[in-house]
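The values are calculated or read from the model by the stated rules, or taken from the named source; none is laboratory data. This one's a predicted model, so the numbers in the text were calculated from it and none came from an experiment. Cβ placement follows ideal geometry from the backbone for every residue including glycine, while neighbour counts extend to all protein chains displayed.
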Amino acid sequence: MRLNSLFIFFLISFLFGCSENKIQHSKDFIFGTLIDIKIYGESKVIAENVSNEIFNEFHRLHKLLHPWEKSLITDINNAISKKQPIPINNDEVINILKNTQYLEKKTKNLFNPSIGKLITLWGFHSDFYDNEVIPNQEKILKLVSSNPSMRSIEIVNGILKSNNENVQIDLGGYAKGYALDQAKKILLKNNVKNALINIGGNILASGKHGERNWLVGIQNPRKPNALATISLDPGWTIGTSGDYQRYYIINNKRYSHLINPKTGYPDNKTQSATILLPPSKNSGVHSDVFSKPLFLADKKNKAAMAKALNIGYFLIILDDNSILISESLNKKINWEEEIEKKIITIL
């Protein structure tokens, strides 16, 4: 897989009506993806200090929550594999794990961070994924039939245990959104009102870009350009799950990291699912988590899933390039490509 496919997740477009010296721009590579921070209307010193504080927080979370490098999560997974209890002297991680248990149930198990062994089996617990054969079907079915679930984890008085040795925690579908919520707190603490933070496609629009909203481009899953643009109101977040960031191809068939916990196989019926969420305490987490069940749900169930998760703004591109879009988002979106009306279904 080409390294630059990591970066072609979201294209961010700007209308430079204001002079460029009003925007301070910083980048880093964390969580296995490109981090992009733009701060408007602050001095270079303030913007750099705040950006560095955000990057430091992201590095801390990366080291704390990494699913295969040495971290508290890998220590937990090692204990679970041996059916041994482990003390968790970290309230933040305890709260994260309890929240994932709630979100797994809310998404009808389509968000399931306990399937790390399946992700490993498919070769995605690595910075490079170039499998030449798909995993053994029996191994896949064995892991699925063992029913790994975050709800099989118990945490009592700071002691974590699970009787299912096939539970292996992977917070890759949660950590970026959680980091975005932490970044909101840092902006607020430093009284920085106008910023755009992009963590590999999970984006927070804080305030505005001058007199206008921040403008964000939605990636075409099969082309290196924006399919559409959206004006993000202050405080709104956007998240996308797509099969074009982490994937490999065998016999002309694409296998992405978005694995359906119920089948054990990567989904191949959807190219991407994008959601917009209004301001809330956990909108970062929800932008990361809720795009996955919309991606993985059957076509006939996608609208019902969006309704169950209270997602009023969504755009889903299916494997045949047809588009499902909510009525509310259809009123806000600006198409950058010629889109045939017959392939768009407004829900």
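Tell me whether the stretch 179-199 contains one or more residues that are outside the structural domain of Arg246 (by TED's automatic domain parsing) and in a strand (DSSP E or B). Let's see the steps before the verdict.
Let us first name the residues in the stretch 179-199 that are outside the structural domain of Arg246 (by TED's automatic domain parsing), namely none.
No, there is no match, as no residue in the stretch 179-199 is outside the structural domain of Arg246 (by TED's automatic domain parsing) and in a strand (DSSP E or B).
Every residue in the stretch 152-163 that is touching a Ser or Thr at 6+ places or on another chain (Cβ under 9 Å) and either surrounded by fewer than 17 Cβ atoms within 10 Å (Cβ to Cβ) or of a type in the set (A, V, I, L, M) (or both), please. Even if it seems obvious, please write down each step before you answer.
The first filter runs over the stretch 152-163 and keeps only residues touching a Ser or Thr at 6+ places or on another chain (Cβ under 9 Å), leaving 152-154, 162-163.
Within the stretch 152-163, Ile153, Glu154, Asn163 meet the criteria.
Considering only the stretch 253-347, give the helices (runs of 4 or more DSSP H) lying wholly within it that have at least 2 residues that are more than 24 Å from Leu118 (Cβ to Cβ). Let's see the steps before the verdict.
Numbers: elements: 283-289, 291-296, 302-308, 327-330.
Passing ranges, in order: 283-289, 302-308, 327-330.
For the condition of a type outside the set (Lys, Arg), in contact with a strand residue (DSSP E or B) (Cβ under 9 Å, 6 or more places away or on another chain) and either part of a strand (DSSP E or B) or in the same structural domain as Leu309 (by TED's automatic domain parsing) (or both), what is the one hit in Glu53, Glu48?
Numbers: Glu53 fails: in contact with a strand residue (DSSP E or B) (Cβ under 9 Å, 6 or more places away or on another chain).
Result: Glu48 is the single residue among Glu53, Glu48 that is of a type outside the set (Lys, Arg), in contact with a strand residue (DSSP E or B) (Cβ under 9 Å, 6 or more places away or on another chain) and either part of a strand (DSSP E or B) or in the same structural domain as Leu309 (by TED's automatic domain parsing) (or both).
Among the residues of the stretch 54-88, write down those that are of a type in the set (D, E, K, R) and within 14 Å of Ile153 (Cα to Cα). Spell out how you get there, then give the answer.
First, the residues of the stretch 54-88 that are of a type in the set (D, E, K, R): 57, 60, 63, 69-70, 75, 82-83.
Answer for the stretch 54-88, where residues must be of a type in the set (D, E, K, R) and within 14 Å of Ile153 (Cα to Cα): Lys82, Lys83.
Determine which member of the set Ile238, Ile249 is over 16 Å from Leu294 (Cβ atoms), of a type outside the set (Ser, Thr, Tyr) and assigned by TED's automatic domain parsing to the domain that holds Leu324. Explain how you work it out, then say what you get.
On the way: Ile238 fails: over 16 Å from Leu294 (Cβ atoms).
Residue meeting the stated conditions: Ile249.
Restricting to the stretch 74-94, count the residues that are loosely packed, with under 14 Cβ neighbours inside 10 Å, touching a helix residue (DSSP H, G or I) at 6+ places or on another chain (Cβ under 8 Å) and closer than 26 Å to Lys262 by Cβ.
Number satisfying all stated conditions: 0.
Of these, Ala226, Ala306, which one is of a type in the set (Gly, Ala, Ser) and either under 20 Å from Gly32 (Cβ atoms) or in contact with a Phe, Trp or Tyr (Cβ under 6 Å, 6 or more places away or on another chain) (or both)? Working first, answer last.
Details: Ala226 fails: either under 20 Å from Gly32 (Cβ atoms) or in contact with a Phe, Trp or Tyr (Cβ under 6 Å, 6 or more places away or on another chain) (or both).
One residue alone meets the criteria, Ala306.
List the residue pairs whose Cβ atoms are under 7 Å apart, where the first residue sits in the stretch 275-290 and is free of Cβ contacts under 8 Å to residues at least 60 places away in the same chain and in the same structural domain as Ala179 (by TED's automatic domain parsing), the second is in a helix (DSSP H, G or I) and of a type outside the set (Asp, Glu), and the two are 6 or more positions apart or on different chains.
Note: pairs meeting the criteria are Ile275/Ser287; Ile275/Ser291; Ile275/Leu294; Leu276/Leu329; Leu277/Ser283; Leu277/His286; Leu277/Ser287.
Each row is one residue, and each column tells you yes or no for (1) in contact (Cβ under 8 Å) with a residue 40 or more places away in the chain; (2) surrounded by 14 or more Cβ atoms within 10 Å (Cβ to Cβ).
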| position | (1), (2) |
| --- | --- |
| Ile96 | yes, yes |
| Tyr102 | no, no |
| Lys108 | yes, yes |
| His125 | yes, yes |
| Asp130 | yes, no |
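When you go through (1) in a loop (DSSP other than H, G, I, E, B); (2) closer than 21 Å to Thr74 by Cα one by one for Lys161, which number turns out not to apply?
Among (1) in a loop (DSSP other than H, G, I, E, B); (2) closer than 21 Å to Thr74 by Cα, Lys161 violates only (1).
So, of the residues in the stretch 200-218 that are in a loop (DSSP other than H, G, I, E, B) and in contact with a Ser or Thr (Cβ under 6 Å, 6 or more places away or on another chain), which turns out to be farthest from Ile35 (Cα to Cα)?
Top of the filtered list is Asn213.
Restricting to the stretch 329-342, give me the number of residues that are exposed (fewer than 13 other Cβ atoms within 10 Å of the Cβ) and either without any contact (Cβ under 8 Å) to a residue 40 or more places away in the chain or on the phi > 0 side of the Ramachandran plot (or both).
Within the stretch 329-342, residues that are exposed (fewer than 13 other Cβ atoms within 10 Å of the Cβ) and either without any contact (Cβ under 8 Å) to a residue 40 or more places away in the chain or on the phi > 0 side of the Ramachandran plot (or both) number 5.
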